[in-house]
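Notes follow once the structure below has been shown.
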Amino acid sequence: MTAPGPVLAPTTESARLRSVPSRAAVDVPAAEHAVALLLRALGKDPAAVHLAETPRRVAGAFAELLTGPPLELTTFPNEGYDELVIATDIPVQSLCEHHLLPFTGVAHIGYLPGDRILGLSKLARVLDLFARDLQVQERLTQQVADWLETNLAPRGVGVVIEAEHLCMSLRGVRARGARTTTSALHGLLREDARSRQEFFALSGMRGRTP
Ligand SMILES: [Zn+2]
């Protein structure tokens, strides 16, 4: 796992931010071969009529889940807005790197603008950039916060992810419905109690302290 590549620092009117994941592309034929081997190891016949297309489908599914388009965002000058900007309940889905099983849930992403603002829907794109990877929820949360901190230079940024992990609900403890909550805060959202409380209240996490 590597972080997406560097991004230009926006200075002009509207500026483009571009970030390309630098991780290796999925080798689909090799993945198909590996899935056929896995089926055999599981005691199944990969040539059986209902399994014949399974390696292709599984490899395709993983390729789709792990590959996304490059991130291209436009930022705009901030014309004096100094309150919290927050997008809540953004759907999130990723793959747990320990079990290769999905985890799904919602993210709440907020920032206190500095000199630049970002389209609200674009926060979901930043999330998606990092979610299309083998992940742990803690790292995903941190990566989104770090990316916004580095590229948008806000006065504060906060990310909360609440997710259910299939590796926890379908196997192991079988804690169906249990949600894991992670948060990452930078700048004023970390340092200033009032800003932090406002962020957690708006993201539905009233009373929570990180
Ligand atoms: Zn897992």
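Read the figures in this text as sums done on the coordinates, not as results from a lab. Note that this is a predicted model, so its numbers are computed, not measured. All Cβ positions, glycine included, derive from the backbone under ideal geometry; neighbour counts span all protein chains shown.
Kindly put Leu148, Leu39 in sequence by how many other C-beta atoms sit within 10 Å of each C-beta, fewest to most.
Going from sparsest to densest Cβ surroundings: Leu39, Leu148.
Just in the range 83-183: which trypsin sites (Lys or Arg not before Pro) are loop by DSSP and have at most 13 other Cβ atoms within 10 Å?
Arg171, Arg174, Arg176
Hey, could you pull the Cα Rg and Dmax for the range 64-137, both in Å?
14.3, 46
Can you find, among Ala15, Gly156, Leu66, the residue sitting farthest towards the positive end of the charge dipole of the chain, where Lys and Arg contribute +1 and Asp and Glu -1 at Cβ?
Selected residue: Leu66.
Which residue, Asp115, Asp89, Asp27, has the most motion in a Gaussian network model of the chain that connects Cα atoms within less than 10 Å?
Highest fluctuation among the options: Asp27.
So what are the ³J(HN,Hα) numbers for the range 194-205, from phi and the Karplus equation (6.51, -1.76, 1.60; θ = phi - 60°), rounded to whole Hz, Gly and Pro as x?
5, 5, 5, 4, 4, 4, 5, 5, 5, 8, x, 10
Which of Gly156, Gly68, Gly80 moves most in a GNM of the chain, Cα contacts under 10 Å?
Judging by the Gaussian network model, the answer is Gly80.
Could you give the length gained by full extension between Leu202 and Arg57, i.e. 0.36 nm per residue of separation minus their alpha carbon distance, to one decimal place?
Result for the pair: 48.1 nm of gain on full extension.
Can you tell me the alpha carbon radius of gyration of the chain divided by the globular rule-of-thumb value 2.2 N^0.38 Å?
In units of the 2.2 N^0.38 Å rule of thumb, it is 1.17.
Using Cα pairs under 8 angstrom and six or more residues apart, how large is the relative contact order of the chain, in percent?
Computed value for the chain: 17 percent relative contact order.
Hey, in the GNM for the chain with a 10 angstrom Cα cutoff, which one of Ala124, Ala107, Ala47 fluctuates hardest?
Largest GNM mean-square fluctuation: Ala47.
When the Karplus curve 6.51 cos²θ - 1.76 cosθ + 1.60 is applied with θ = phi - 60°, which whole-Hz ³J(HN,Hα) does each residue of the range 175-181 get, with x for Gly and Pro?
Taking θ as phi minus 60°, the curve returns 8, 5, x, 5, 10, 9, 10 Hz for the range 175-181.
Quick one: longest stretch of the chain between exposed loop GluC sites (Glu not before Pro), exposed meaning at most 14 other C-beta atoms within 10 Å and loop per DSSP?
Answer from the scan: 98-210.
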